[in-house]
Amino acid sequence: PCPPLTPLPSAPLQDIRNTVGNIPMEWYQDFPHIGYNLEGKKIYKPIRNKDELDMFLEKMENPEYWRTVQDKMTGADIKLTDEQVDLVHRLQKGQFGDVHFNPYEPAVDFFTHEVMIHPVTNRPADKRSFIPSLIEKEKVSKLVHAIKMGWIKPRKPKDDTPTYYDLWAHEDPNSILGRHKMHVPAPKMKLPGHEESYNPPPEYLLSEEEKLAWEQQEPAERKLNFVPQQYQCLRAVPAYSRFIHERFERCLDLYLCPRQRKMRVNVDPEDLIPKLPKPRDLQPFPTTQALVYRGHTSLVRCLSISPSGQWLVSGSDDCTVRFWEVCTARCMKTLPVGGVVKSVAWNPNPTICLVAICVEQSVLLVNPCLGDKLLYGATDQLLESYMAPEEERVQPVQWVMATMEEHSKGVRLVVQHSKAVKQVTWHGKGDYFASVVSDNSNMQVLIHQTSKRWSQNPFRKSKGLVQCVLFHPIRPYFFVATQRYVRVYNLLKQELTKKLMTNCKWVSSMAIHPGGDNIICGSYDSKLAWFDLDLSTRPYQLLRHHKKALRSVAFHKRYPLFASGSDDGTVIVCHGMVYNDLLQNPLLVPVKVLKGHVLTLDLGVLDVLFHPTQPWVFSSGADGTVRLYT
């Protein structure tokens with residue numbers, strides 16, 4: 001039970017001189033008084049002209065300062081008594097206000113705690129008290145059936161829209177006049193104001209001078225076309241002398257109104273469509289399927305072409321890499337690699353004949369021994385001239401020489417990684433290459449140097465799942481595409497230069513313009529983003545031409561062309577002109593949709609690649625074929 005609220009022993013009764021009641025006293029801050037007494041006279045605030053220094057001195061010298069409080073109701077200073085100070089101390093400690101209240105009184109046992117042996121009544125319980133009611137079950141099933149059949153509908157929520165409405169808000173457009181297309185609704189008359197009242201407020205009545213001035217004005221210049229007059233009651237108001245005149249003018253206004261709708265803007269719809277050149281003016285670009293490279297028995301994941309444009313290499317899920325002659329579609333060589341081939345990359349240096357192949361946890365460096373004998377012989381000599389350093393260096397990967405059996409197939413070096421490798425790409429000079437590992441640590445991207453057989457991990461920490469990487473064709477930049485962003489790093493300064501927002505959910509592929517100032521990103525949410533690196537970190541244009549996920553994008557080295565391959569089985573070739581004039585934005589025009597691949601397992605085109613010199617495009621698909629469009 002709550003303690004009884006007893007008044008304090010000797011506390012003075014509350015000062016109730018101020019009758020303002022329980023209100024915030026801040027309301028009286030700017031007034032000289034602080035409220036009203038019982039007679040209704042103002043209670044003035046006591047004169048407080050103490051500054052900070054006086055307050056400080058009082059605090060130091062007045063021994064009772066600590067127990068003095070200001071009464072907000074009267075503004076007077078009150079000195080607390082010992083009992084009141086004691087009460088404050090007790091309340092601060094969380095004790096009861098009353099000294100004499102004992103919170104630990106013995107509990108009173110209201111009910112007997114002894115359990116009786118015999119019950120009050122010993123009537124056996126009904127059977128129905130522990131069996132579910134059959135009548136209720138029947139009722140519920142009837143209700144359920146009625147709800148299912150739609151006989152019982154839920155109660156409609158009460159419509160609490162106000163009953164009053166704006167009379168003129170919706171003029172009925174289906175009225176007789178509303179059916180005429182050229183109908184202009186009649187201009188509404190000005191509603192009467194206070195000046196037209198029979199008993200207007202005195203400020204609306206004209207004085208003698210104003211009346212004279214009004215009479216001398218031209219009728220068109222007058223603000224009011226009548227003189228406001230005052231009558232004592234409505235009975236005394238005479239007939240309006242100008243009534244017929246005004247009705248006649250209103251009729252003239254209505255029937256002489258020019259009934260013609262003038263269109264504000266005459267826009268030719270053709271002007272709204274951007275002026276794009278016709279595709280036939282943008283030739284050459286690939287238009288027809290010329291060759292089909294058959295031989296793989298499973299989906300062909302990746303393609304690469306030799307710098308001369310004579311040989312093509314393709315990697316497939318049938319665990320083989322095939323080398324083709326481009327012009328004849330003849331398979332020159334098949335290299336079984338014992339695993340799914342995720343990525344192939346032909347060295348871009350024309351003086352070296354070397355192909356990097358990603359198979360499971362390793363990158364194979366293969367000399368295909370095709371074409372000029374001097375060229376591939378010189379490549380072997382270059383690899384054999386390597387001198388191992390005197391002391392072993394700790395590397396994130398292992399460089400292993402190929403066995404005799406592998407050597408006979410063309411494999412020269414094996415770079416063994418700790419996890420599965422999903423992409424490999426060469427630097428433009430042909431000595432360095434980068435590999436991407438399926439891992440979410442900082443070891444995802446590794447850069448390798450072939451001539452020194454030396455690998456390094458350029459990143460201290462992971463910035464997300466890396467999808468693909470690219471070297472800049474001219475400058476020492478390195479592009480790393482994660483799921484949503486493309487980060488551009490400066491390899492010389494070893495710092496992040498730019499972070500591009502792709503506006504896509506999951507980036508799948510990336511290609512860089514040979515000029516180096518524009519990149520394109522394909523994404524699994526069927527968007528292609530074109531970035532102008534000098535313009536912004538957001539896409540210059542988002543192209544949504546494909547119906548399904550984009551698997552691969554590519555730029556042509558010499559022609560202003562780029563292509564994208566998608567799971568809808570098509571390759572879309574676009575004209576992408578980048579001008580030397582920095583003020584002119586790139587011109588992007590889709591020119592051709594190339595079809596031919598058959599959808600297999602819901603996958604279409606897995607890789608696209610342009611010929612280095614001709615306006616031809618290669619595509620590899622899930623149907624196990626590689627196709628050349630010229």
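Numerical summary
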item: Mean-position separation - Cα centroids, the stretch 220-257 and the stretch 36-73, in angstrom; result: 69 Å
item: Accessible surface, 1.4 Å probe, highest first, among residues His513, His33, His407; result: His407, His513, His33
item: Accessible-area composition of the stretch 25-84, carbon plus sulfur, in percent [1.4 Å probe]; result: 56 percent
item: Centroid-to-centroid separation of the stretch 438-500 and the stretch 312-357 [C-alpha atoms, Å]; result: 25 Å
item: Contact order normalised by residue count of the chain, Cα under 8 Å, 6+ apart, percent; result: 8 percent
item: For the stretch 34-84: relative contact order, % (alpha-carbon pairs under 8 angstrom, 6 or more apart); result: 31 percent
item: Sites matching GluC sites (Glu not before Pro) across the stretch 37-116 that sit in DSSP coil, with at most 15 neighbouring C-beta atoms within 10 Å; result: Glu39, Glu64, Glu114
item: Of Lys493/Lys527; Lys527/Lys595; Lys557/Lys592; Lys505/Lys548; Lys188/Lys211; Lys278/Lys548, pairs whose Cα-Cα distance is over 21 Å; result: Lys493/Lys527; Lys188/Lys211; Lys278/Lys548
item: Residues of type aspartates and glutamates that Lys42 reaches as a straight line, Cα spacing below 16 Å, ignoring anything fewer than 8 places off in the same chain; result: Asp15, Asp30
item: Cα-based Lys proximity count in the stretch 320-465, under 22 Å, for pairs eight or more positions apart or on separate chains; result: 13
item: Residues of type aspartates and glutamates that Lys547 reaches as a straight line, Cα spacing below 17 Å, ignoring anything fewer than 8 places off in the same chain; result: Asp525, Asp567, Asp568, Asp602, Asp607
item: Carbon plus sulfur fraction of accessible area for the stretch 473-615, probe 1.4 Å, in percent; result: 50 percent
item: Eligible lysines near Lys59 by straight Cα distance, threshold 26 Å, same-chain separation 8 or greater; result: Lys45, Lys50, Lys72, Lys79, Lys93
item: Per-peptide average of other Cβ atoms within 10 Å, ordering 605-611, 482-488 highest first; result: 605-611, 482-488
item: Option label - Kirkwood radius over Cα pairs in Å computed here, alternatives (i) 36.4; (ii) 27.6; (iii) 28.6; result: (i)
item: Kyte-Doolittle mean at least -1.0 and Cα axial length at least 20 Å: DSSP H helices in the chain; result: 134-149
item: Helical contribution to [θ] at 222 nm, DSSP H n ≥ 4, -39,500 (n - 2.57), averaged over the chain, rounded to 500; result: -4000 deg cm²/dmol
item: Mean Cβ neighbour count within 10 Å, used as a protection proxy, ranking 583-589, 622-628 highest first; result: 622-628, 583-589
item: Computed label-point distance, nm, for sites Tyr386 and Tyr44 using a 7 Å Cα→Cβ extension; result: 10.3 nm
item: Peptide ranges 297-304, 268-275, 422-429 listed from the most packed, as the mean C-beta count within 10 angstrom indicates; result: 297-304, 422-429, 268-275
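The values are calculated or read from the model by the stated rules, or taken from the named source; none is laboratory data. Keep in mind that this is a model prediction, so the values were computed, not measured. Positions of Cβ are backbone-derived with ideal geometry, glycine not excepted, and every protein chain shown enters the neighbour counts. Ligands, DNA and RNA are stripped out before the accessible areas are found, and what is left, the full protein with its side chains, is counted by its heavy atoms. Shrake-Rupley method; radii C 1.70, N 1.55, O 1.52, S 1.80 Å.
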